[in-house]
Amino acid sequence: MAENRTKILLTGGGTGGHLAIVRAVKEALLKRGIAPYYIGSESGQDRAWFGDDETFARRLFLPSRGVVDKKGLAKIASAARTLGSAYTAHRFIREHRIEAVLSVGGFSAAPASFAAVASRVPLFIHEQNAVSGRLNTLLKPFAKRFLSSYGEGALDYPVSDIFFETARLRKEVKSVIFLGGSQGAKAINDFALQVAPWLAEKGIGIVHQTGKADYERVESVYRQLGIEADVFAFSKVLHQKIASADFAVSRAGASTLWELAANRIPTLFIPYPYAAGDHQYKNAAYLQSRSAGWVVREEALDEALFRKRVESDIEAVSEKLARIVRPGGSGQIVDILCGVE
């Protein structure tokens, strides 16, 4: 029965997008009195997110690395490391009598996902993007359920409740937030600095996440321009900064895209041009096709286009976003996990 299923393992990570799903599903499990287990990687952002998170029943960080982007001996070494980590994950699953494994993708998910298949423990896969990643494509035939927020049979995306709790209808643009992700995006940073004088002239506030590497340069340029802006490299209260703005310019990683949608903030998406399978563009195109956002290629960034979007009917877009994603996506996933027979 659903009430008795307490041995659930969450796995995956590497990037904030994958880890945000883990966090959202973990929160939904905790609300039901279930403390999940977690397997991630020693590299990537996994340990930074969950290294001190005592709300998990147990955590394990393995020395896994990405394989698909490697060549020659480095590829062989990464594959061997992943297989060794899969053996460790297999022992972890057996030791803790795990009854279901949810993989959210990323190289961090490989060891525990392979171990689940080998252990005959039901494997569930959540694909965060409109285009499946290589690991998820490889493991899909072995999964009990393949979960997605795109296309037919889509589930609501597992967005943390805080983005819904702080959501509001945007009617006019008094503040714009620029988001390049936790690592930053130079193209978005440069574009923000380009349009900053116009925004300042219009009395529109600027909130700007630069990423750590570009923070000092961007902050210095704002000072030279004499423009007041809320500039930061990284923030643990990003949801508050998003909620304070009326319009966003952002990359189109899945978790960021759906968090912005949940908060009902009209967004001009600038996809990362080198994303595997062009998935960021396709993520954003999914919203654009529903008149719930806009997408433009990085090389086509244009101040006139930006001005047009900022001065458009953002209220209509904000209203549509309320119907695009609803609260409870994490709970839908937990229902499925807890219903394993």
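If you check 196, 187 for being in contact with a Leu (Cβ under 8 Å, 6 or more places away or on another chain) and either within 24 Å of residue 18 (Cα to Cα) or open to solvent by 20 Å² or more (accessible area, probe 1.4 Å) (or both), only one passes: 187. Counting only residues that are assigned to a strand (DSSP E or B) and among the small types (Gly, Ala, Ser), the stretch 96-121 holds 2 of them.
Quick one: which of 292, 285 is crowded, with 16+ Cβ neighbours inside 10 Å and part of a loop (DSSP other than H, G, I, E, B)? First the steps, then the outcome.
Values: 285 fails: part of a loop (DSSP other than H, G, I, E, B).
That would be 292, the only listed residue that is crowded, with 16+ Cβ neighbours inside 10 Å and part of a loop (DSSP other than H, G, I, E, B).
In the set 305, 337, only one residue is over 18 Å from the mean Cα position of the chain (by Cα), surrounded by 15 or more Cβ atoms within 10 Å (Cβ to Cβ) and either in a helix (DSSP H, G or I) or small (Gly, Ala, Ser) (or both); that residue is 337.
For the stretch 185-213, the tally of residues that are of a type in the set (A, V, I, L, M), in a helix (DSSP H, G or I) and more than 16 Å from residue 300 (Cα to Cα) stands at 4.
The residue that is nearest to the chain's Cα centre (by Cα), among those in the stretch 27-57 that are farther than 17 Å from residue 112 by Cα and in a helix (DSSP H, G or I), is 49.
Checked against (1) touching a residue at least 60 places away in the same chain (Cβ under 8 Å); (2) touching a strand residue (DSSP E or B) at 6+ places or on another chain (Cβ under 7 Å), residue 156 meets all criteria but (2). Residue-level check: of (1) open to solvent by 30 Å² or more (accessible area, probe 1.4 Å); (2) within 20 Å of residue 154 (Cβ to Cβ); (3) hydroxyl-bearing (Ser, Thr, Tyr), residue 255 misses just (1).
The condition of being open to solvent by 10 Å² or more (accessible area, probe 1.4 Å) and outside any helix (DSSP H, G or I) holds for residue 236. Among the residues of the stretch 317-334, write down those that are out of contact with any strand residue (DSSP E or B) (no Cβ under 9 Å at 6 or more places or on another chain), part of a helix (DSSP H, G or I) and open to solvent by 30 Å² or more (accessible area, probe 1.4 Å). Selection gives 319, 320, 322, 323, 324. Being touching a His at 6+ places or on another chain (Cβ under 6 Å), farther than 18 Å from residue 267 by Cα and open to solvent by less than 10 Å² (accessible area, probe 1.4 Å) is the filter here; which residues of the stretch 156-178 pass it? None - no residue of the stretch 156-178 is touching a His at 6+ places or on another chain (Cβ under 6 Å), farther than 18 Å from residue 267 by Cα and open to solvent by less than 10 Å² (accessible area, probe 1.4 Å), so the list stays empty.
Of all residues in the stretch 214-227, those that are over 18 Å from residue 181 (Cβ atoms) and outside any loop (DSSP other than H, G, I, E, B) have Cβ atoms under 8 Å from Cβ atoms of residues that are open to solvent by 40 Å² or more (accessible area, probe 1.4 Å) and modelled with pLDDT of 95 or more, 6 or more apart or on another chain, in 222/228; 225/197; 225/200.
Of 204, 227, all but one fail to be farther than 30 Å from residue 338 by Cα and crowded, with 18+ Cβ neighbours inside 10 Å; the exception is 204. Condition first: more than 15 Å from residue 301 (Cα to Cα) and β-branched (Val, Ile, Thr). Can you find one or more residues in the stretch 254-277 that meet it? Within the stretch 254-277 (the criterion being more than 15 Å from residue 301 (Cα to Cα) and β-branched (Val, Ile, Thr)), the answer is yes, since at least one residue qualifies. Do the conditions hold for residue 277, that is, is it more than 21 Å from residue 211 (Cβ to Cβ) and crowded, with 24+ Cβ neighbours inside 10 Å? When the stated conditions are applied, residue 277 does not pass them.
Any idea which of 181, 153 is assigned to a loop (DSSP other than H, G, I, E, B) and surrounded by fewer than 17 Cβ atoms within 10 Å (Cβ to Cβ)?
Values: 181 fails: surrounded by fewer than 17 Cβ atoms within 10 Å (Cβ to Cβ).
None of the other options fit; the residue is 153.
The values are calculated or read from the model by the stated rules, or taken from the named source; none is laboratory data. Predicted, not measured: the structure shown is a model, and the values here were computed from it. No Cβ is skipped: glycine too gets one built from the backbone with ideal geometry, and neighbour counts run over all protein chains shown. For accessibility, only protein heavy atoms count, side chains too; no ligands or nucleic acids. Shrake-Rupley method; radii C 1.70, N 1.55, O 1.52, S 1.80 Å.
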